[in-house]
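The structure appears right after this line, and notes come after that.
Laboratory data are not the source of any read-out in this text; all were calculated from the coordinates shown. What you see is a predicted model; the values in this text were computed from it and never measured. Here the Cβ is made from the backbone with ideal geometry for all residues, glycine too, and neighbour counts use every protein chain on show.
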Amino acid sequence: MTVTAAVLALDDVLRELAPRTLAALGGPCPQEELDALRAELGPDWSEDLDQLLREHNGSEAGPPGDLLLGHHLLPANEILSRRRMLVQIDLQEMQAMVTESQSLPAGDYAPGYTARFVPVAGHGGGSTLYLDMRAGPRRGCIGTWIGEDNDDYEPELLWESLEHLLTDITQAIRNQTATLDGGQAILDDGAVTWLD
């Protein structure tokens with residue numbers, strides 16, 4: 001399945017069960033924003049991310065736009081700004097470790113937020129879900145960055161790909177079950193809410 005197919009399957013489930021959440025998803029990303037994101041990410045550009053943004057350029061923060069427990073999809077401009085901020089913070093604090101972690105394979109421990117991580121979903125409290133675009137067989141897997149609390153934290157990689165994440169969300173909403181991160185999907189008044 002492609003990311004586009006996974007997004008369309010999610011849209012179908014939301015249309016049927018949670019139309020308010022579907023309405024909180026952004027429309028297609030403007031081409032100039034995609035071009036700017038692609039130019040900045042360079043070798044870390046992801047065709048999966050391109051497919052997602054061509055369908056939905058983020059979602060509203062907070063209910064009904066959260067597609068995971070406390071996380072909303074980031075639009076292209078917020079992907080850029082959050083990535084710049086996280087890379088800058090960690091470069092200042094842990095230059096040597098961050099540089100070393102960029103050469104480790106995707107899915108491996110990273111002591112700092114590296115420029116090879118591409119944010120895809122965010123939480124108002126600073127937590128970020130990111131695509132790990134380092135080289136290796138797990139390139140494109142999704143990890144969690146929890147900000148300052150990430151010191152000595154081995155990131156938990158829950159999804160092997162963006163398509164896997166979207167499929168997990170779709171199944172959780174359809175069946176009102178938990179996603180791999182433990183968030184329980186509940187349908188309420190045409191929207192999805194998430195319980196911890």
**Asked** Can you list the residues of the range 174-196 with backbone N under 19 Å from a point 7 Å past the Cα of ARG15, pointing along Cα to Cβ?
**Response** 174-175, 190-192
**Prompt:** For the chain, which DSSP H helices look membrane-span-like by this rule: Cα extent along the axis of 18 Å or more and mean Kyte-Doolittle of at least -1.0?
**Reply:** 3-17, 76-102, 162-175
**Message:** At 7 Å along Cα-to-Cβ for each site, give me the label-to-label distance between GLU160 and SER103 in nm.
**Reply:** 2.9 nm
**Request:** Figure the gain on full extension for GLU78 and GLN184 (residue separation times 0.36 nm, minus the Cα-Cα span) and round it to one decimal in nm.
**Result:** 35.6 nm
**Asked** With each label point set 7 Å from Cα along the Cα-Cβ vector, what nm distance links ALA135 and ARG54?
**Response** 2.8 nm
**Message:** At 7 Å along Cα-to-Cβ for each site, give me the label-to-label distance between GLU40 and GLN176 in nm.
**Reply:** 4.0 nm
**Asked** Starting at 0 and stepping by 5 Å, how many percent of the alpha carbon pairs of the range 17-59 end up in each bin?
**Response** 6, 22, 26, 21, 11, 7, 5, 1
**Asked** Across the Cα atoms of the chain, what radius of gyration and what greatest pairwise Cα-Cα distance (Dmax) are found, in Å?
**Response** 16.0, 50
**Request:** Sort ASP168, ASP188, ASP50, ASP66 so the one with the fewest other Cβ atoms within 10 Å of its own Cβ comes first.
**Result:** ASP188, ASP50, ASP168, ASP66
